[in-house]
Amino acid sequence: GAGVSQSPSNKVTEKGKDVELRCDPISGHTALYWYRQRLGQGLEFLIYFQGNSAPDKSGLPSDRFSAERTGESVSTLTIQRTQQEDSAVYLCASSSRLADFSGANVLTFGAGSRLTVL
Amino acid sequence: DQQVKQNSPSLSVQEGRISILNCDYTNSMFDYFLWYKKYPAEGPTFLISISSIKDKNEDGRFTVFLNKSAKHLSLHIVPSQPGDSAVYFCAARWGLYGNKLVFGAGTILRVKS
């Protein structure tokens with residue numbers, strides 16, 4: 001597609017349940033990022049995939065969070081045993097390697113998945 | 001540890017006047033700074049960037065100024081338009097080859113007509 005696609009756009013779940021959020025990056029973009037934005041706060045980095053390199057997981061807040069990406073395609077962010085503090089908008093972004101070499105890491109974001117944990 | 005700070009949560013400006021959004025950072029290793037704009041229910045969109053070796057970059061109504069000694073950058077919008085009303089995020093990049101961006105908390109800009 002032309003842009004970064006995320007699903008679901010909205011998810012309401014009960015505390016303790018597992019959720020999966022999906023991101024379909026721009027075709028040909030080698031890098032994929034997950035961020036989250038909690039209410040009233042900025043974008044918080046979670047995880048970064050670059051091609052077949054080992055992902056940078058330094059932003060994952062706990063071992064309940066994990067993400068996978070196969071090659072340069074779709075990524076899935078999984079949150080196990082959700083807690084109320086996990087409520088946030090989860091944003092996925094992708095960028096091309098060419099952007100990296102130009103110096104400005106221009107990320108293209110999806111519209112996000114709003115997660116509400118009751 | 002907030003490496004990128006936007007200390008003004010909101011700003012209100014009259015249409016046609018200048019909007020100035022500010023951002024401070026602590027990490028002198030950042031090599032690129034970017035501004036993103038976000039409308040409700042949409043993802044952030046890239047607006048303008050500046051390399052750490054420059055002190056100004058201009059694109060139409062948008063100009064970004066960088067003061068490295070003060071570790072401060074600002075985004076100027078002239079003239080401001082009602083359609084500019086959005087949340088503006090300052091972001092910084094550390095490192096080469098697509099490392100993650102560090103974002104500020106954002107500033108809500110309201111342009112009144």
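What number of residues in region A:47-69 are under 21 Å from A:D18 (Cα atoms) and either open to solvent by 60 Å² or more (accessible area, probe 1.4 Å) or not hydroxyl-bearing (S, T, Y) (or both)? The number of residues fulfilling the criteria is 11. Within region A:35-54, can one find any residue that is basic (K, R), under 23 Å from B:Q2 (Cα atoms) and in contact with a Phe, Trp or Tyr (Cβ under 9 Å, 6 or more places away or on another chain)? Looking through region A:35-54, at least one residue is basic (K, R), under 23 Å from B:Q2 (Cα atoms) and in contact with a Phe, Trp or Tyr (Cβ under 9 Å, 6 or more places away or on another chain). Among the numbered conditions (1) more than 10 Å from chain B (Cβ to nearest Cβ); (2) out of contact with any Phe, Trp or Tyr (no Cβ under 9 Å at 6 or more places or on another chain), the only one that A:S113 does not meet is (2). Assuming A:S73 fulfils every condition listed in (1) open to solvent by 20 Å² or more (accessible area, probe 1.4 Å); (2) modelled with pLDDT of 90 or more; (3) farther than 30 Å from B:S51 by Cβ apart from one, which condition is it? The one condition A:S73 does not meet is (2). Of all residues in region A:23-46, one or more are assigned to a strand (DSSP E or B), open to solvent by 30 Å² or more (accessible area, probe 1.4 Å) and farther than 17 Å from B:K100 by Cα.
Filter region B:1-22 for residues that are within 28 Å of A:S113 (Cα to Cα), away from chain A (no Cβ under 11 Å) and either among the hydrophobic types (A, V, I, L, M, F, W, C) or open to solvent by less than 20 Å² (accessible area, probe 1.4 Å) (or both) and give the result. B:L11, B:L21, listed by residue number.
As a summary of the residue check, A:S96 satisfies the conditions (1) modelled with pLDDT of 95 or more; (2) surrounded by fewer than 19 Cβ atoms within 10 Å (Cβ to Cβ) except for the one numbered (1). Is it the case that B:S80 is of a type outside the set (D, E), at pLDDT 95 or above, open to solvent by less than 40 Å² (accessible area, probe 1.4 Å) and out of contact with any Asp or Glu (no Cβ under 9 Å at 6 or more places or on another chain)? No.
Within region A:8-15, can one find any residue that is within 21 Å of A:V106 (Cα to Cα) and within 14 Å of chain B (Cβ to nearest Cβ)? Within region A:8-15, none of the residues are within 21 Å of A:V106 (Cα to Cα) and within 14 Å of chain B (Cβ to nearest Cβ).
Within region A:1-22, the set of residues being in a loop (DSSP other than H, G, I, E, B) and not small (G, A, S) comprises A:V4, A:P8, A:E14, A:K15, A:K17, A:D18. Inspect region B:78-86 for any residue being part of a strand (DSSP E or B), touching a residue at least 60 places away in the same chain (Cβ under 8 Å), within 14 Å of chain A (Cβ to nearest Cβ) and more than 28 Å from A:Q50 (Cβ to Cβ) and give the result as yes or no. Checking region B:78-86: not a single residue is part of a strand (DSSP E or B), touching a residue at least 60 places away in the same chain (Cβ under 8 Å), within 14 Å of chain A (Cβ to nearest Cβ) and more than 28 Å from A:Q50 (Cβ to Cβ). Quick check on region A:27-37. Is at least one of its residues over 22 Å from B:C90 (Cα atoms) and of a type outside the set (S, T, N, Q)? Yes, the conditions are met somewhere in region A:27-37. Of the residues making up region B:39-58, those that are open to solvent by less than 90 Å² (accessible area, probe 1.4 Å) and assigned to a strand (DSSP E or B) are B:T45, B:F46, B:L47, B:I48, B:S49, B:I50, B:S51, B:N57. The set of residues in region A:52-71 being of a type in the set (D, E, K, R) and more than 16 Å from A:G110 (Cβ to Cβ) consists of A:D56, A:K57, A:D63, A:R64, A:E68. The single residue among B:A105, B:A91 that is touching a residue at least 60 places away in the same chain (Cβ under 8 Å), open to solvent by less than 50 Å² (accessible area, probe 1.4 Å), within 18 Å of A:L107 (Cβ to Cβ) and in a loop (DSSP other than H, G, I, E, B) turns out to be B:A105.
The values are calculated or read from the model by the stated rules, or taken from the named source; none is laboratory data. Predicted model, so just to flag it, every value in this text is computed and none were measured. Note that each Cβ is placed from the backbone with ideal geometry, even for glycine, and that neighbours are counted across all protein chains shown. Keep in mind that these areas ignore ligands, DNA and RNA; they rest on the heavy atoms of the full protein, side chains included. Shrake-Rupley method; radii C 1.70, N 1.55, O 1.52, S 1.80 Å.
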